[in-house]
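Visitor: Sharing a structure below in C-alpha cells format, with a few things to ask.
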Amino acid sequence: MAKEIKHSICFRCKPRCRLELEVEDNQIVEVSTSPIKKCPRKWAPDLDRFYHPDRLNYPLKRVGEKGENKWQQITWDEALDEITAKLQALKDKYGAETLGVTAGTSRSYEEFNSRFLNLFGSPNQCGQAQICHGNSAVVATTLFGWWPYLITGGRFHPFFHSEHRQIEKLRKRYPWATMQLNPETAKELGLADGDWAWIETQHGRVMQKVQIFEGIDSRVVHGQHGWWYPEMPGEEPWLHGAWVSNINVCTSSDEEECDEALGSWPLRTFQCKVYKVKSYGQEHPVTG
C-alpha cells in the first residue's frame, strides 16, 4: 500500500499542535515536528509511544489474588459488560451519586465524562478547575508555623503529569525526581546539587534530588509531582514506586480537610521541612 499523509493534532500538552502523519499499511511511519521549542516530542519519537512493546492495547482481567500480578486477556465486549454490570449494581444499591469522576488538565475525554455522568444520574464530576487552587499560606502558617518552607510545584519537560516515565529515551534525559532550592537555602540545610533529600509535611514525606536554582525564593521548595518508577515491582506494596518521590504523598486526602466550596484539597503552599537523606549516596535510594 502506498504511503499517505493524514492530519491530526497532538495531545501531549495544551497548544494542540497540528500534525502530519505519514502512514503506510495502517502504521504510522513518521510524525511531523512541532514549532514549539521545548516540545517533549523532540526528545522521544511518537512511534515509541504508539508501538512500544509494553503498551496496553486490550483489556486485562485479574485472575489471581490482588498483588499477584496475574491477568487474563478478555475482549472489549466482555470488559464493557462486566463494568456495566458492576456500575448498575452500585447504582441499584447506593444510588447514582455513588459514582464520581475526576480528570487532569486538558484531557480529551472531559466532555464524555460529563455526558456519561449526566446519563448515569450523578453530578459528581471534578477536575483541575475545582482542585488546582492553593490554600492560604497565612492560614497554613498559623496552623503549622514550625514548618519553615512552602511547597509549590509545576509541570516540566519532557514528561506530562505522570505520563511517559516508562519511555527509556525520556528517562535517560530525566532519570529522577528533582526539587529546586535557592542556593542560600541549600547551604543552610547542608545540601549540595545532586544530593537526595526528604521533603516532609504533616501528611507524609518523599525523596527527590536537589537542584540548586537561583531563581527561586529562599522560602520556597519546588517539588515535582507525578513521579513513579516503572523499573520497580508493580505489585503491592511497591506499586512502581508511587510513594517514593511523588509529591502528592505530602498532600492531604482527609475528608475533614476537603474544601466544601472547591470540593477538593489544597495542593500547593503546604508548609514543609527539607533535610538530607543520610543513608545513601548519589544512587537512587530504592532502585540504585
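Every residue, every condition in (1) in contact with a His (Cβ under 9 Å, 6 or more places away or on another chain); (2) crowded, with 19+ Cβ neighbours inside 10 Å; (3) aromatic (Phe, Trp, Tyr), yes or no:
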| position | (1), (2), (3) |
| --- | --- |
| GLU184 | no, no, no |
| LEU189 | no, no, no |
| GLY194 | no, no, no |
| PHE213 | yes, no, yes |
| HIS225 | yes, yes, no |
| PRO233 | yes, no, no |
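Visitor: Let me ask something else about it. Can you say whether HIS157 is at pLDDT 65 or above and of a type outside the set (Phe, Trp, Tyr), as far as the supplied structure shows?
Guide: Working: at pLDDT 65 or above: yes; of a type outside the set (Phe, Trp, Tyr): yes.
Yes, satisfied.
Visitor: I need every pair where a residue in segment 82-108 that is surrounded by 14 or more Cβ atoms within 10 Å (Cβ to Cβ) has its Cβ under 6 Å from the Cβ of a residue that is among the acidic types (Asp, Glu) and at pLDDT below 95, sequence separation at least 6 or different chains.
Guide: Close Cβ pairs (under 6 Å, with a partner that is among the acidic types (Asp, Glu) and at pLDDT below 95) amount to ALA103/GLU110.
Visitor: State whether the residues of segment 121-130 include one that is modelled with pLDDT of 90 or more, more than 23 Å from TRP243 (Cα to Cα), outside any helix (DSSP H, G or I) and out of contact with any Pro (no Cβ under 6 Å at 6 or more places or on another chain). Walk me through how you get there before you give the answer.
Guide: Keep residues of segment 121-130 that are modelled with pLDDT of 90 or more, which gives 121-122.
Filter once more, so that each one left must be more than 23 Å from TRP243 (Cα to Cα): 121-122.
Right, trim to outside any helix (DSSP H, G or I) and you get 121-122.
After this cut, where a residue has to be out of contact with any Pro (no Cβ under 6 Å at 6 or more places or on another chain) as well, the list is 121-122.
Yes, because at least one residue in segment 121-130 is modelled with pLDDT of 90 or more, more than 23 Å from TRP243 (Cα to Cα), outside any helix (DSSP H, G or I) and out of contact with any Pro (no Cβ under 6 Å at 6 or more places or on another chain).
Visitor: All but one of (1) touching a strand residue (DSSP E or B) at 6+ places or on another chain (Cβ under 6 Å); (2) farther than 30 Å from PRO230 by Cβ; (3) modelled with pLDDT under 75 hold for PRO148, so report the exception by its number.
Guide: Against the list (1) touching a strand residue (DSSP E or B) at 6+ places or on another chain (Cβ under 6 Å); (2) farther than 30 Å from PRO230 by Cβ; (3) modelled with pLDDT under 75, PRO148 comes up short only on (1).
Quick grid of which residues meet (1) more than 30 Å from GLU68 (Cβ to Cβ); (2) touching a strand residue (DSSP E or B) at 6+ places or on another chain (Cβ under 7 Å):
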residue: LYS187; (1), (2): yes, no
residue: ARG205; (1), (2): no, yes
residue: GLN208; (1), (2): yes, yes
residue: HIS222; (1), (2): yes, yes
residue: HIS225; (1), (2): no, no
residue: PRO230; (1), (2): no, no
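Visitor: Here's something else I'd like to know. Do the conditions hold for PRO175, that is, is it at pLDDT 85 or above, under 24 Å from LEU47 (Cα atoms) and not hydrophobic (A, V, I, L, M, F, W, C)? Outline the logic, then answer.
Guide: Values: at pLDDT 85 or above: yes; under 24 Å from LEU47 (Cα atoms): yes; not hydrophobic (A, V, I, L, M, F, W, C): yes.
Taking the combined requirement at face value, the residue satisfies it.
The values are calculated or read from the model by the stated rules, or taken from the named source; none is laboratory data. None of the values given here were measured: they were computed from a predicted structure. Every residue, glycine among them, receives a Cβ derived from its backbone with ideal geometry; neighbour counts consider all protein chains shown.
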